[in-house]
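Okay, structure first, notes after.
The values are calculated or read from the model by the stated rules, or taken from the named source; none is laboratory data. Note that the structure is a prediction, hence the values are computed from the model and not measured. Here the Cβ positions follow ideal geometry from the backbone for every residue, glycine too, while neighbour counts run over all protein chains shown.
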Amino acid sequence: MADLFGKIKKGIDKGINIASQKSGELVEAGKLQTQIMSLKSDRKNGINDLGKLTYDMLKSDSFELEILEEKFKAIIEIEREIEEKEEAKNSVDKPEQKSSDEAEEKAVIFCPNCGAENPAGAVFCAKCGTKMTE
């Protein structure tokens, strides 16, 4: 009986760890999304500033290409940061495929009579022979 409770506790602990990991992933994805939105706002403001600066320069006949190139490079850097954050967010949203060991570990059912672990889909318990219920 203690073995059954140990297995139940192990299953609960595993469930808690998975829930904790998933909530951490959601928090991380939320932070990345907020950073992406902020960077997109910065990019939009930079483009607007570049346009206004270009307009003012052309209007006053004092066109300075170096200043415009600096603003342009700053916008390109922001776009690079946006791409990095989006890639990081995608990797959080779609984590790598779990190993076959983890998949096999989940493919387990417990005997209703003795609590022994059996492979998923087993018709009878390998330990006591009790018919498995589904």
- Message: Whether any residue in segment 51-70 is of a type in the set (Lys, Arg) and under 30 Å from Ala116 (Cβ atoms) is what I want to check.
- Response: no
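Check whether at least one residue in segment 18-38 is among the small types (Gly, Ala, Ser), assigned to a helix (DSSP H, G or I), surrounded by 12 or more Cβ atoms within 10 Å (Cβ to Cβ) and in contact (Cβ under 8 Å) with a residue 60 or more places away in the chain, and report yes or no. Can you show your working first?
Here is the first cut: in segment 18-38, the residues among the small types (Gly, Ala, Ser) are 19-20, 23-24, 29-30, 38.
Add one more test, that the residue is assigned to a helix (DSSP H, G or I), and what stays is 19-20, 23-24, 29-30, 38.
Filter once more, so that each one left must be surrounded by 12 or more Cβ atoms within 10 Å (Cβ to Cβ): 29-30, 38.
Subset that is in contact (Cβ under 8 Å) with a residue 60 or more places away in the chain: 29.
For segment 18-38, residues among the small types (Gly, Ala, Ser), assigned to a helix (DSSP H, G or I), surrounded by 12 or more Cβ atoms within 10 Å (Cβ to Cβ) and in contact (Cβ under 8 Å) with a residue 60 or more places away in the chain: present.
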- Query: Residues in segment 111-134: is at least one over 29 Å from Glu25 (Cβ atoms), modelled with pLDDT under 95 and among the acidic types (Asp, Glu)?
  - Reply: yes
- Note on the structure: Pairs returned, first residue in segment 62-85 that is closer than 20 Å to Ser41 by Cβ, second residue that is surrounded by 14 or more Cβ atoms within 10 Å (Cβ to Cβ) and of a type in the set (Ser, Thr, Tyr), beta-carbon separation under 9 angstrom, 6 or more apart or interchain, are Lys71/Thr54
- Message: What's the number of the only condition in (1) out of contact with any helix residue (DSSP H, G or I) (no Cβ under 6 Å at 6 or more places or on another chain); (2) among the small types (Gly, Ala, Ser); (3) in a helix (DSSP H, G or I) that Gly46 fails to meet?
- Response: (1)
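Regarding segment 19-27, can at least one residue be identified that is modelled with pLDDT under 90, more than 25 Å from the chain's Cα centre (by Cα), of a type outside the set (A, V, I, L, M, F, W, C) and within 30 Å of Cys111 (Cβ to Cβ)?
There is no residue in segment 19-27 that is modelled with pLDDT under 90, more than 25 Å from the chain's Cα centre (by Cα), of a type outside the set (A, V, I, L, M, F, W, C) and within 30 Å of Cys111 (Cβ to Cβ).
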